[in-house]
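First the structure, in the form of structure tokens, and then the observations on it.
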Amino acid sequence: MTIEEIKDMVRGPEYDFLRTNDHLKDRLVFLTLGGSYAYGTNVETSDVDVRGCALNSPSDIIGLTNFDQAVDNRTDTTVYSFNRLIPLLMSCNPNTIEMLGCKPEHYIFQTEIGSEMIKNRKLFLSQVAVKSFGGYATQQLRRLENAIARDRVSQPRREEHLLHSTENSLADFASKHLNLPAEAVTLFIDESPRDDLDVEIFANIHLDRYPAREFNSLLNELKNTIDNYTQTLSHRNHKKDFEHLNKHAMHLIRLYLMCLDILEKEEIVTYRENDREMLLEIRRGKYMNEDGTYQQEFFDMVADYEKRLAYARENTGLPKSPDFKRIQEFVMDVNRSVLSL
């Protein structure tokens, strides 16, 4: 599908919510492509993802209403509110910072404010990118290792991978529930009393006067992670699994490349024109063996990018954090304009 065909589609009835939703109508500042079309890694079966930003209403800014984002799953569209998007951009969140580095022709719509955000995208770049992009890359690598490990390594080794997954879930839970004390939950592996396991994960939990509802949420978080990981292999579609693994592998490398551009060139390059063929080769399974494992050449590539990233982190000219004062002035100017309408 060409960009003109996509723009025509967005103008059609399937996307009428962009023009009728109370949070979006007359408030959009830009719309752009997301996902594989934005990266240049789309294939014939790729869905069209649309991403964008909309201004908050006066009541969001000085009243009691609140708007963070609007999501339409049917069309794979996500539009962030301006006040929600700015902190994500300041944290160099990969899923949002990429919206400011798309090809010019990939912007479906933009107002003067939207153009200003895109033109001043470097304002949001800082060394924070190392942590944010590195964290996302680690997640992709962990997914890759975990999926392979479920089928092809010993039970103790699988349990180690599961431990990493549960620790990540626990860290994510703690970041959202600030009243969970540090070190309240400790996970570790030890010999199992069960006949079907050699070792298993145990938990030491030390909590006093902790809200029961949040404790229930914590247990559900751990349960869901374990259930998702240990689902029976008989229900898995290996052909589909291999396709997903290759997408994870491709996105892992793409994240390294984008982060290196940010640190080395101080640029956001979403469309990977120079790397497109390499990324598509990974997606097509160039580095995957017939049994679903990956060739050492792929992991050597990952190690090389890790070294480049470590060097770039030490030698980048970017500031440690974005210019809070300038960004705040921009946000205040935009929100004043909303209140003056």
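Show me 321-332, 130-141, 18-29 ranked by packing, highest mean number of other Cβ atoms within 10 Å first.
130-141, 18-29, 321-332
Cross-link candidates for residue 122: which aspartates and glutamates have Cα within less than 18 Å, leaving aside residues fewer than 8 places away along the same chain?
98, 112, 261, 264, 266, 267, 323, 329
Which FRET efficiency value, to the nearest 0.05, do you get for residue 190 and residue 217 by plugging their Cβ-Cβ distance into 1/(1 + (r/R0)^6) with R0 = 25 Å?
0.45
With semi-axes √(5λ) of the Cα gyration tensor in Å as the read-out, I listed (i) 41, 28, 21; (ii) 27, 24, 21; (iii) 36, 27, 21; which label goes with the value calculated from this structure?
After the calculation, the listed value that fits is (iii).
Pop a pseudo-label 7 angstrom from the Cα along the beta-carbon direction at both residue 167 and residue 74 and give the gap in nm to one decimal.
Spacing of the two 7 Å Cα→Cβ label points: 4.4 nm.
Which lysines have a Cα lying under 27 Å from the Cα of residue 247, excluding residues fewer than 8 positions away in the same chain?
7, 103, 131, 223, 239, 265, 286, 307
Where a number appears in this text, it was derived from the coordinates with a stated rule and is not lab data. What you see is a predicted model, and the numbers here were worked out from it, not measured in a lab. Glycine also receives a Cβ, built like all others from the backbone with ideal geometry; neighbour counts cover every protein chain displayed.
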